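Participant: Sharing a structure below in structure tokens format, with a few things to ask.
The values are calculated or read from the model by the stated rules, or taken from the named source; none is laboratory data. Not measured: the values here are computed from a predicted model. FYI the Cβ positions are ideal-geometry reconstructions off the backbone, even for glycines, and counts take in every protein chain you see. Protein only, heavy atoms only, side chains kept; ligands, DNA and RNA dropped before computing areas. Shrake-Rupley method; radii C 1.70, N 1.55, O 1.52, S 1.80 Å.
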Amino acid sequence: MNGALVHLLSATSPTFLSFNRFSCFHYSLSLPKSDFFIANSRRLISKSKIASVATMSELNKAPLDEENPGNVKQQVSKLFEASLKATVPNELEIDIEPLVAACTAKFGDYQCNNAMGLWSKIKGKKTEFKGPPSIGQALMKNLPKCDMVESCSVAGPGFVNVVLSNKWIAQSIQNMLTEGIDTWAPRLQISRAVIDFSSPNIAKEMHVGHLRSTIIGETLSRMLEFSKVEVLRRNHVGDWGTQFGMLIEHLFETSPNWEDEKEKAVGDLQAFYKESKKRFDADPAFKERAQHAVVRLQSGESRYRTAWAQICEISRREFDQVYKRLGVHLEEKGESFYNPYIPGVLNLLAEKDLIKDSEGARVIFIDGKDIPLIVVKSDGGYNYASTDLTALWYRLNEEKAKWVIYVTDVGQQQHFEMVFSAARMASWLPSDVSLYPKVNHVGFGLVLGDDGKRFRTRSSEVVRLVDLLDEAKNRSIAALTERGKAAEWTKEKLEETAENIGYGAVRYADLKNNRLTNYTFSFAQMLNDKGNTAVYLMYAYARICSIIRKSGKDIEDLKKTGALSLDHADERVLGLHLLQFAETVEEACTNLLPNVLCEYLYNLSENFTKFYSNCQVVGSAEETSRLLLCEATAIVMGKCFFLLGIKPVDQI
């Protein structure tokens, strides 16, 4: 049943705690519960079955559907899995996972670190081994022979170092060139995920505070989608708050003919919001009328519903302008969507004896927390906890998500920890947080100005996101014009290139940082063409494109007829780094850290620069091989840019 339609039948009103996804204005209002609404909510809930933890946890035991030929670390791990079984066949009851990591030392490309841990398990038992080094030697001896491995060695307390075959690395890259980069996509153990991100409030303009949630959420979505996961991108907008009574009453009183005037009646939505808020705070009579307007809205009175829908639509179009510039795609399921389900979900929790009465409110007590999770306020209204619990129930049971990810600032961490704990108490989620279905709160820090405080304008207003993007584009136009590109290019090409550079610079400057940390916003730094910036990376990408163009060769033909080799040391370093793309994306997905992919991309550009400085491409005896290596680098860089939401340019 459509959420908006059910609102017409309901007489309930959500009310809000003092926190929000992006700190908006709220006040509480008590409204009666409709018996019909409660009954209808029960019917909605009864259509679904609560997720069975026992059933869902079986997913964790299932093997991957297919091997990932692009994930080198996974392939090395498979070899050591076989070696471990051959080395300690009598210890199969011990849960032994291959501990394989990429090497940073000169001894090898990958390293197996099982020897010390295995020795601690079998020490004291009847065994042929004398210590970790002898276990390492056995692991090396029992490693299956294959074309992948060139040589092995044992170092220190049993560390087994593996050197990959140059020929195998080259062939793996060549296979990607002919079969496509998708063959290097990770294979995760889930089929569907929900990512809740961006989530601005209706009637309030998107500002720099929404930047991080939007671009982090978009990047996580793209990485999971590349990894063959169906991602439900959810925009949990604040569209059902009691502030709408304030807005609607102000609309009715300032524009009696608002239905005929449409958007003109509202004008600048931000100014309109500020005017109504000012009246609400200063005029008790207006405040009372606004509260009554909420009652009439929530009871489904058509005039109020129409005004609510009109305000939402105006705000939604403004959001879409920002999303279009950023290339962000979302499906809106706001607070209003989940409102009809709240009574039924709370009834399910009550039936499990999780909801208790406390000082007139209804709460869930969470172990280890000093305060309870309030799900019904003392005035009878709902709040963010009731909405978020209901949304989580819906995502697990209606949308069948195996992983639900919430991208909000770190200030929301305790709220989501309590919501997740309540869901585990209700057996919606397994008690073991590593099992599926699972949930994660992806927190992030603040965007700061040069003064070390929240990034604001000189007039202390929050920075409008659309203004920030315009500034990035305009600065990029100025830089390109200074380099003479305005005279060389068409106006359209200049604008498009400036957009790609400016918007990409803003994104990368945010994503390259560990999301949990604050960072200082600086146009000068992010638009610098030196250092770890999007502009520097775009120059590296454009240089590769230029090399291929200047060669005059048909690169598609070379993929079919040419052969790639890695005889020079810098060729090998670049080739190995290319091959580590899949495991890097998997790590970034698993840990929900986009900065891992940014670091990989920056190191890839550095490795390419070193290769290009020391290895002539065009006109050399190795031209065909090196052009193919250039093309492989461009493909991987291009995919990294895409996953980060950045559009590269082939000329700067």
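Participant: When you take every Cα atom in the stretch 105-201, what is the radius of gyration, and what is Dmax, the widest Cα pair distance, in Å?
Facilitator: Spelled out, the Cα radius of gyration and Dmax of the stretch 105-201 are 20.2, 67 Å.
Participant: Quick check: convex hull of the Cα atoms in the stretch 537-595, volume per residue, rounded to a whole Å³? Provide the component values of the computation, followed by the final result.
Facilitator: Numbers: hull volume 7.5 nm³, N = 59.
So the per-residue hull volume is 128 Å³.
Participant: Per-residue ellipticity at 222 nm for the chain, helices alone: DSSP H runs ≥ 4 residues times -39500 (n - 2.57), over residue total, nearest 500 deg cm²/dmol? Don't skip to the end; give the middle numbers.
Facilitator: Working: 28 runs with 339 residues, N = 652.
Rounded to the nearest 500, it is -16000 deg cm²/dmol.
Participant: Right, next: Can you give me the solvent accessible area of D432 with a 1.4 Å probe, rounded to the nearest 10 Å²?
Facilitator: Roughly 70 Å² of D432 is accessible to a 1.4 Å probe.
Participant: Right, here's the next one. What is the dipole size for the stretch 210-368, taken about its Cα centre, with +1 at each Lys and Arg Cβ and -1 at each Asp and Glu Cβ, in debye to the nearest 20? Don't skip to the end; give the middle numbers.
Facilitator: Values: 24 positive and 27 negative charges, 77 e Å.
Here the size comes out at about 380 debye.
Participant: Now, a different point. Taking the Cα centre of the chain as the origin, how large is its charge dipole in debye, to the nearest 20, when only Lys and Arg (+1) and Asp and Glu (-1) carry charge on their Cβ atoms? Write down the numbers at each step before the final one.
Facilitator: On the way: 79 positive and 82 negative charges, 146 e Å.
Its charge dipole is roughly 700 debye.
Participant: Then there's this: What list of whole percents do you get for P(r) of the stretch 391-438, with Cα-Cα distances grouped in 10 Å bins up to the one holding the largest distance?
Facilitator: Bin by bin from 0 Å, the calculated values are 25, 59, 16.
Participant: Just the number please: accessible area per residue for the chain, 1.4 Å probe, all protein chains included, in Å². Could the numbers behind the result be given before it?
Facilitator: On the way: 28240 Å² over 652 residues.
For the chain, the solvent-accessible area averages 43 Å² per residue.
Participant: Now for a different question. Enumerate the aspartates and glutamates that K553 could reach by cross-link, defined here as Cα to Cα under 18 Å, with residues fewer than 8 away along the same chain left out.
Facilitator: Within the straight-line limit of under 18 Å, K553 reaches these aspartates and glutamates: E622, E623, E631, D650.
Participant: For N518, what charge total do you get from the other residues with a beta carbon under 12 Å from its beta carbon, if Lys and Arg give +1 and Asp and Glu give -1?
Facilitator: Once all neighbours under 12 Å are counted, the net charge is +2.
Participant: How large is the translational diffusion coefficient of the stretch 310-412 in µm² per second when you combine the Kirkwood radius over alpha carbon pairs with Stokes-Einstein at 4 °C and 1.567 mPa s?
Facilitator: Values: Rh = 16.0 Å.
Translational diffusion coefficient: 81 µm²/s.
Participant: Sticking with this structure for a sec: Of the listed pairs K324/K610; K356/K438; K145/K512, which have alpha-carbon separations greater than 30 Å here? Intermediate results must be reported in sequence, preceding the final value.
Facilitator: Values: K324/K610 37 Å; K356/K438 26 Å; K145/K512 39 Å.
Too far apart for the 30 Å limit: K324/K610; K145/K512.
Participant: Hey, another quick one. Shape verdict for the stretch 551-634, please, from the Cα gyration tensor: rounded (a/c under 1.5), prolate (a/b greater than b/c) or oblate. Can you show the working numbers first?
Facilitator: Values: a/c = 2.64, a/b = 1.93, b/c = 1.37.
Cα axes put the stretch 551-634 in the prolate bin.
Participant: Relative to the longest principal Cα axis of the chain, at what angle does helix 465-482 sit, 0 to 90 degrees, rounded to 10?
Facilitator: 40
Participant: How large is the translational diffusion coefficient of the stretch 135-192 in µm² per second when you combine the Kirkwood radius over alpha carbon pairs with Stokes-Einstein at 4 °C and 1.567 mPa s? Working shown, then result.
Facilitator: Working: Rh = 13.9 Å.
Roughly 93 µm²/s, to the nearest whole number.
Participant: Which of M526, P648, V585 sits closest to the plus end of the dipole of the chain, meaning its Cα is farthest towards the positive end, when Lys and Arg get +1 and Asp and Glu get -1 on the C-beta?
Facilitator: Positive-end residue among those listed: V585.
Participant: If I model the chain as equal point scatterers sitting on the Cα atoms and use the Debye formula, what is log10 I(q)/I(0) at q = 0.05, 0.07, 0.08, 0.12 Å⁻¹?
Facilitator: With one equal scatterer per Cα and no solvent, log10 I(q)/I(0) is -0.30, -0.57, -0.73, -1.28.
Participant: I'd like to know which of L251, F280, G484 lies farthest towards the positive end of the charge dipole of the chain, counting +1 on Cβ of Lys and Arg and -1 on Cβ of Asp and Glu.
Facilitator: Looking along the dipole axis, the top candidate is F280.
Participant: Still on this structure: Using alpha-carbon positions, what is the distance between the centroids of the stretch 594-625 and the stretch 541-560, in Å?
Facilitator: The stretch 594-625 and the stretch 541-560 have Cα centres spaced 14 Å from each other.
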